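Have a look at the structure below before the remarks.
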Amino acid sequence: MKIECPHCNKKGIGYFSKWWSGSATPARCSQCENRSYVSNGSRYYSTPTAINISLITVGVLALLLTQNFYFLLLIPFGYLLSQLYIVFYSPLEKATAKEIGRNKRLGNIFISLLLGAIFLYYLVQIIVSN
Ligand SMILES: [Zn+2]
């Protein structure tokens, strides 16, 4: 069982690949070799986040009203539900080689800046402590 590819409309994309896919790391169709991904828009700024926020709210309110900590289990349940929603309902966007390259470069720049910032932080700590 696989998910329909937006390029060839055949079932060529694995569930895990779709779940894990992003603009820099798209899923590959086993039928046509083209790549596609779930956009940040449909992953974060859409129904999955609404599911998470709803169940966090209900879980916390129920905990406050009943003092029963088991209601906090609604939070991981909501996360699971939101991830299932992504796999089964979020649309796949077509990815082009040019876009993938650009998004990978942006990702690499971001990671480099992050590592640079962590390095600077520790360097300053060492200088300050001496
Ligand atoms: Zn395909």
Task: Under Karplus coefficients 6.51, -1.76 and 1.60, residue-wise ³J(HN,Hα) of segment 25-39 in Hz, glycine/proline x - done: 9, x, 7, 9, 6, 7, 8, 10, 6, 6, 10, 8, 7, 8, 5
Open item on the list: Can you compute 3J(HN,Hα) from phi for each residue in segment 115-126, using the Karplus curve 6.51 cos²θ - 1.76 cosθ + 1.60 with θ = phi - 60°, rounded to whole Hz and x for Gly and Pro?
Closed with: 5, x, 5, 5, 4, 4, 4, 5, 4, 5, 4, 5
TODO: Provide, as a two-decimal number, the C-alpha radius of gyration of the chain over 2.2 N^0.38 Å, N being how many residues it has.
DONE: 1.44
Open item on the list: Projecting each Cα onto the charge dipole of the chain (Lys/Arg +1, Asp/Glu -1 at the beta carbon, about the Cα centre), which of Ser39, Ile53, Pro6 comes out farthest on the positive side?
Closed with: Pro6
Task: Candidates Tyr85, Tyr37, Tyr45: whichever shows maximal mean-square fluctuation once the chain is modelled as a Gaussian network with Cα springs under 10 Å - done: Tyr45
TODO: For the chain, set up a Gaussian network in which alpha carbons nearer than 10 Å are linked by springs, and say which option among Leu81, Leu63, Leu55 fluctuates the most.
DONE: Leu63
Task: Kirkwood-based shape ratio for segment 56-124, expressed as Rg/Rh from alpha carbons - done: 1.25
TODO: Kindly put Val124, Val58 in sequence by how many other C-beta atoms sit within 10 Å of each C-beta, fewest to most.
DONE: Val124, Val58
Task: Amide H contacts of Ala95 (H built 1.01 Å from N, under 5 Å, at least 5 apart or other chain) - done: Arg35, Ser36, Tyr37
- [ ] Would you mind telling me which residue in Ser17, Ser112, Ser54 has the biggest mean-square fluctuation in a Gaussian network model of the chain, where springs connect alpha carbons within a distance under 10 angstrom?
- [x] Ser112
- [ ] Amide H neighbours of Ile13 under 5 Å, at least 5 residues apart or on other chains, H built in the peptide plane: list them.
- [x] Ile3, Cys5, Ser30
Task: Under the Karplus curve 6.51 cos²θ - 1.76 cosθ + 1.60, θ = phi - 60°, whole-Hz ³J(HN,Hα) for segment 41-49, x wherever Gly or Pro sits - done: x, 7, 7, 10, 9, 7, 3, x, 5
Task: Cut-off 12 Å between beta-carbons: net charge of the residues surrounding Arg105, Lys and Arg +1, Asp and Glu -1 - done: +2
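Quick note: the coordinates plus some simple rules give every number you see, no bench work behind them. Keep in mind that this is a model prediction, so the values were computed, not measured. Reconstructed Cβ throughout: ideal geometry from the backbone, glycine too, with neighbour counts over all protein chains shown.
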